[in-house]
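Here is the structure we will look at, set down as structure tokens.
The values are calculated or read from the model by the stated rules, or taken from the named source; none is laboratory data. Values in this document were obtained by computation on a predicted structure and should not be read as measured data. Reconstructed Cβ throughout: ideal geometry from the backbone, glycine too, with neighbour counts over all protein chains shown.
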């Protein structure tokens, strides 16, 4: 249990450190949420501004504001929006579904892209397929997801008119329209995330294919497909599970701009809107939720990998 306790403790410390960093960075940014709320209203006296700041809790010391925010999070209360006065937890709950759906679909697409490509590249290292796949993977890692999204809109929405360019339809309301609106954002995210998994899985596959147990299976006359899929891929996939946690975090981070490009009503668009409006009460909680999801998923993947892989258990034990 030492490894489990250690990983959980590290994750808790990361959550605390992330909350401090988010809170401090947002408080250091220029701009006043109260003045942003008042906008261009004329004739607002200082007493009104002070009253609004007091009602939002902005007149208290920064340390007290942070402790109140963290204490509220522990009780499921994220405070209220500075602009609309709506509960932040309600705003996040309304936007969480589209972001999670987009993230899950993008991760699945990343696996579907990376898995056959890694097998093809590792089958003959240095061959033409390996070189082509390596070049495409490098290009995908250097290609920003929002640029890919814009190009997809130009081709499939503007030119071909096959898919809708913006908007989100809930899955339960209309599965067909939901899938049509999800395809391009998920592809834009997976084109950048898949190369991360591909390169790692390729390296693990090359190591597995050159190992003693694979040579033994080949010496016993096992077909090439059985050797690759049953022996090499199974052993290469376990260490590659750790990369899935990073891909989830990468996808969650990339969804911030991709959702805005495609007009999605998710956490990404909510964070961008909150940043423009200086609504730090909403922004800090959205960033904390996204960071928390990344940390929790990474912890879960690490624990699953540790449990399934006896080599890892022996190492950490």
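Points worth noting:
- Pick from the stretch 70-88, criterion on the phi > 0 side of the Ramachandran plot and free of Cβ contacts under 8 Å to residues at least 60 places away in the same chain, ranking: surrounded by the fewest Cβ atoms within 10 Å (Cβ to Cβ): 76
- Within the stretch 40-64, the set of residues being over 20 Å from residue 21 (Cα atoms), at pLDDT 75 or above and loosely packed, with under 11 Cβ neighbours inside 10 Å comprises 47 only.
- The helices (runs of 4 or more DSSP H) located wholly in the stretch 179-297 that include 1 or more residues which are at pLDDT below 85 and closer than 30 Å to residue 12 by Cα occupy 233-261, 267-276.
- Pairs are defined by a Cβ separation below 8 Å, a sequence spacing of at least 6 or placement on different chains, a first member in the stretch 152-173 that is on the phi > 0 side of the Ramachandran plot and touching a residue at least 12 places away in the same chain (Cβ under 8 Å), and a second member that is surrounded by 11 or more Cβ atoms within 10 Å (Cβ to Cβ) and in a helix (DSSP H, G or I); the pairs so defined are 167/181.
- Residue 261 buried (at least 22 other Cβ atoms within 10 Å of the Cβ) and either under 25 Å from residue 171 (Cα atoms) or in contact (Cβ under 8 Å) with a residue 60 or more places away in the chain (or both): yes
- One residue from 67, 102, 91 being surrounded by fewer than 17 Cβ atoms within 10 Å (Cβ to Cβ), modelled with pLDDT of 80 or more, assigned to a helix (DSSP H, G or I) and out of contact with any strand residue (DSSP E or B) (no Cβ under 6 Å at 6 or more places or on another chain): 67
- From the options 205, 243, residue that is buried (at least 18 other Cβ atoms within 10 Å of the Cβ) and within 15 Å of residue 119 (Cα to Cα): 205
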